[in-house]
Amino acid sequence: MSSTDDAVAFWDGVYAARPAATDPRPNVRLTETATDLPPGRALDLGCGAGGDALWLARRGWRVTAVDISAVAVDRLTDLARAHGLGDRVAAERHDLGAFAPQGPFDLVSAHYLHTPLDLDRAGVLRAAAHALAPGGLLLVVDHGSIAPWSWNQDPEARHPTPHEVAAGIALDPAGWTVERADAPRRIATGPDGSTAEVTDHVLLVRRTA
Ligand SMILES: C[S@@+](CC[C@H](N)C(=O)[O-])C[C@H]1O[C@@H](n2cnc3c(N)ncnc32)[C@H](O)[C@@H]1O
């Protein structure tokens, strides 16, 4: 099996084990970043259940939502149609490790793009940053702590800081500028309805040229 096959099997298994959401919630770091942005073209990397893509589409954005899981992509396609957003959400199945984003995008969002399988995440984010229009934003939100319901309960897990993530992407400061790099906390709700305080690692980069 190739590494793509392994990743497909893993993530299809994750989504197939969950009931399909009827109206998945958007991530709070997306809503706080994009609420005041004028709608344009957005790319959601590792879209999962699609709460972010649907939220953006409702606000007038045209969204390309990419995930390796056919289960997630098919569910999002059906949901977008059911919510009358089928013309604004293009849900596509790709392995991001072999994906060339066709910009220009005004916003690229990568929320919790974590996987136990091989993925050159820095390379994916670098390619996405190059697909931004001038003035466009790359929002990378990572886990900075482990929620009790996470699939990853490895106590040795390291959570790179936003500055470390930015250093890994290695964008030329002449063309991209870091606008936000911090570690806010929030109360999160798990799939079973329980709550816990979690930390996000937030990196926001703007393409300036
Ligand atoms: C932790 S989930 C986050 C999902 C969603 N962004 C969210 O905020 O809920 C990571 C997502 O990345 C996707 N993913 C993992 N590896 C991938 C790859 N190589 N190519 C594309 N998507 C991938 C998974 O299928 C999964 O939906």
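With the condition kept exactly as written, say whether any residue in segment 53-65 is out of contact with any strand residue (DSSP E or B) (no Cβ under 9 Å at 6 or more places or on another chain) and among the aliphatic types (A, V, I, L, M). Spell out how you get there, then give the answer.
First, the residues of segment 53-65 that are out of contact with any strand residue (DSSP E or B) (no Cβ under 9 Å at 6 or more places or on another chain): 55, 58-60.
Now narrow it down to the ones that are among the aliphatic types (A, V, I, L, M): none.
No, every residue in segment 53-65 fails to be out of contact with any strand residue (DSSP E or B) (no Cβ under 9 Å at 6 or more places or on another chain) and among the aliphatic types (A, V, I, L, M).
Quick test for you: out of ALA80, ALA70, pick the one residue that is away from the ligand (no atom under 13 Å from the Cβ), touching a strand residue (DSSP E or B) at 6+ places or on another chain (Cβ under 8 Å), at pLDDT 95 or above and over 25 Å from HIS201 (Cα atoms).
Numbers: ALA70 fails: away from the ligand (no atom under 13 Å from the Cβ).
Among ALA80, ALA70, only ALA80 is away from the ligand (no atom under 13 Å from the Cβ), touching a strand residue (DSSP E or B) at 6+ places or on another chain (Cβ under 8 Å), at pLDDT 95 or above and over 25 Å from HIS201 (Cα atoms).
Just need a number here: residues in segment 195-209 that are surrounded by fewer than 16 Cβ atoms within 10 Å (Cβ to Cβ) and either over 23 Å from ARG25 (Cα atoms) or modelled with pLDDT under 95 (or both).
Residues flagged as surrounded by fewer than 16 Cβ atoms within 10 Å (Cβ to Cβ) and either over 23 Å from ARG25 (Cα atoms) or modelled with pLDDT under 95 (or both) within segment 195-209 amount to 2.
Check off (1) in contact (Cβ under 8 Å) with a residue 40 or more places away in the chain; (2) under 23 Å from LEU56 (Cβ atoms) for ALA122 and give me the number that stays unchecked.
For ALA122, the exception is condition (2).
Kindly establish whether ASP44 is within 14 Å of the chain's Cα centre (by Cα), acidic (Asp, Glu) and within 29 Å of ALA183 (Cβ to Cβ).
Values: within 14 Å of the chain's Cα centre (by Cα): yes; acidic (Asp, Glu): yes; within 29 Å of ALA183 (Cβ to Cβ): yes.
So ASP44 passes the test.
For residues that are in a helix (DSSP H, G or I) and open to solvent by less than 50 Å² (accessible area, probe 1.4 Å), tally how many sit in segment 1-21. Steps first, please.
The first filter runs over segment 1-21 and keeps only residues in a helix (DSSP H, G or I), leaving 3-16.
After this cut, where a residue has to be open to solvent by less than 50 Å² (accessible area, probe 1.4 Å) as well, the list is 4, 7-8, 11-15.
So the count comes out to 8.
Look through segment 22-51, keep the residues that are open to solvent by less than 10 Å² (accessible area, probe 1.4 Å) and assigned to a helix (DSSP H, G or I), and return whichever of them is farthest from the ligand (Cβ to nearest atom).
Going through the qualifying residues, I end up with ALA34.
Mind checking which residues of segment 86-102 are in a loop (DSSP other than H, G, I, E, B) and surrounded by fewer than 18 Cβ atoms within 10 Å (Cβ to Cβ)?
GLY86, ASP87, HIS94, PHE99, ALA100, GLN102, listed by residue number.
Here is a check on your reading of the model: is HIS111 crowded, with 19+ Cβ neighbours inside 10 Å and in contact with an Asp or Glu (Cβ under 8 Å, 6 or more places away or on another chain)? If you could, list the steps in order and put the result at the bottom.
Numbers: crowded, with 19+ Cβ neighbours inside 10 Å: yes; in contact with an Asp or Glu (Cβ under 8 Å, 6 or more places away or on another chain): yes.
In short, yes.
Quick check on GLY13: is it away from the ligand (no atom under 14 Å from the Cβ) and small (Gly, Ala, Ser)? Step through it out loud before you land on a result.
Details: away from the ligand (no atom under 14 Å from the Cβ): no; small (Gly, Ala, Ser): yes.
When the stated conditions are applied, GLY13 does not pass them.
The values are calculated or read from the model by the stated rules, or taken from the named source; none is laboratory data. Just so it is clear, the model here is predicted, and its values are computed rather than measured. In this analysis, Cβ positions are derived from the backbone assuming ideal geometry, glycine residues included, and neighbour counts consider all displayed protein chains. For accessibility, only protein heavy atoms count, side chains too; no ligands or nucleic acids. Shrake-Rupley method; radii C 1.70, N 1.55, O 1.52, S 1.80 Å.
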